[in-house]
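Read through the structure below, which is laid out as structure tokens, and then see the notes.
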Amino acid sequence: MLLSACLRRCARLLYWIPVTIVIMVVMWSYYAYVVPFCWILLSSSTQKVVFLCLFHVCFVMFSWSFWKTLSTPPSSPSVEFQLSSSDSLLYEQERGDMEKSPILLEISQKLSVHTRTAAGAIRFCHHCQLIKPDRCHHCSVCQMCVLKMDHHCPWLNNCIGFSNYKFFLLFLLYSLLYCLLIVATVTPTFIQLWLGKQFDSCVKLHVLFLTLVSAMFAVTLCFLLFFHIWLLASNKTTLEWLSVPFFVDGPASEAFDVGVRANLSQVFGKNKSLWPFPVFSSQGDGQSFPLRWQMSSYSPSVMNGNGHRAMEGSVVSPEGVSVTIAVDD
Ligand SMILES: [Zn+2]
Ligand SMILES: [Zn+2]
């Protein structure tokens, strides 16, 4: 018992190793840019001032969004989704999944839950003893159900979901800008040193590695950012991209896509002046989301492609009707 508790604690400490590596690389890049490059190698005072100002703007925005993504805890479903003590007792007394189903069905009818398991069952979390709201998933690392879970990021040791997805997108954007600024400003000096084969001092080696590491991160971040911009525009999470969500009528990959502008507003909010800053401005409660076939702008012909019996401007898939109820992990 004591041994397993110790092992769990050690594993929790190990999760912080990637975060420590990221912080150390950032601290080194800050030192390498400001001291060896700007302070020692640059000769023009104007260049020094301009480069340092631009660099610090990027650095502050990057660090701010990094910290907010890292420190914002994932949000979990509210108490309505939790089984009450009487329901829990009743649930435990029942035998077999099919026998358990009426209880879950009855509770889920009071909630706005549209997603189902692949078998058409109500999605239930055994660990947290709750009915999972739409787009909610259980994270085995955080050991909790996370609202609109995107993925668990080992580099941040945090779940990316409803509470911090905007911060994560800004973190990707500002870290890319940070790397691109370093590459753009250091490359001329790097080429000069490279052609003259002048990497003979520690200062110049810092510049060499700073250019190479920043270029490498810029390429990786570019792919990651464009992937998440596509997910944002189509209102998908990484988990939904990997595994299509199921509804009463079957799978629907575009179910939450309500148009690019509305999709963007869901994550960044209505107030555009807050968009560039890592402050929470996302819309909704993270537990219920407008569905594509609920929007009047979508015609039945659009939805028929997804296999839904959609009617324009109406909510299809009446919950609880001919639903197979089982329990998923
Ligand atoms: Zn859970
Ligand atoms: Zn997690």
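Since every read-out is calculated from the coordinates, none of them should be taken as a lab result. The structure displayed is predicted, hence computed values, not measured ones. As a convention, Cβ positions derive from the backbone with ideal geometry for all residues, glycine included, and neighbour counts pool all protein chains shown.
Here are the numbers for the structure shown:
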{"quantity": "Fewest-first sequence of TYR30, TYR178, TYR91 by Cβ atoms within 10 Å of each Cβ", "calculated": "TYR30, TYR91, TYR178"}
{"quantity": "28 Å Cα-Cα reach of LYS110 towards lysines, excluding residues that sit fewer than 8 places from it in its own chain", "calculated": "LYS100, LYS132, LYS148, LYS236"}
{"quantity": "Listed residue (LEU90, ASN157, GLN129) projecting farthest to the positive dipole end of segment 79-160, Cβ model", "calculated": "ASN157"}
{"quantity": "In Hz, Karplus ³J(HN,Hα) per residue of segment 264-280 (6.51, -1.76, 1.60; θ = phi - 60°; x = Gly, Pro)", "calculated": "5, 5, 4, 8, 9, x, 7, 7, 5, 5, 8, 4, x, 10, x, 10, 5"}
{"quantity": "Rg to Rh, two decimals, where segment 193-266 supplies the alpha carbon set and Rh follows Kirkwood", "calculated": "1.37"}
{"quantity": "Interchain or long-range residues, amide H under 5 Å from ARG116's placed H", "calculated": "PHE246, PHE247"}
{"quantity": "Amide hydrogen neighbours beyond the local backbone of HIS138, cut-off 5 Å, H modeled", "calculated": "VAL146"}
{"quantity": "About the Cα centre, charge dipole magnitude for segment 79-160 (Lys/Arg +1, Asp/Glu -1 at Cβ), debye", "calculated": "260"}
{"quantity": "Long-range HN-HN contacts of ASN158 with modeled amide H, under 5 Å", "calculated": "CYS153"}
{"quantity": "Shape category assigned to segment 40-125 from the gyration tensor of Cα positions, a/c cut at 1.5", "calculated": "prolate"}
{"quantity": "Order of LYS68, LYS110, LYS236 under a 10 Å beta carbon neighbour criterion, fewest first", "calculated": "LYS110, LYS68, LYS236"}
{"quantity": "For segment 71-76, Karplus couplings with θ = phi - 60° (6.51, -1.76, 1.60), whole Hz, Gly/Pro x", "calculated": "9, 7, x, x, 8, 10"}
{"quantity": "Estimated Rh, segment 79-160: Kirkwood, alpha-carbon pairs, angstrom", "calculated": "13.7"}
{"quantity": "Neighbour-count order for CYS139, CYS159, fewest beta carbons within 10 angstrom listed first", "calculated": "CYS139, CYS159"}
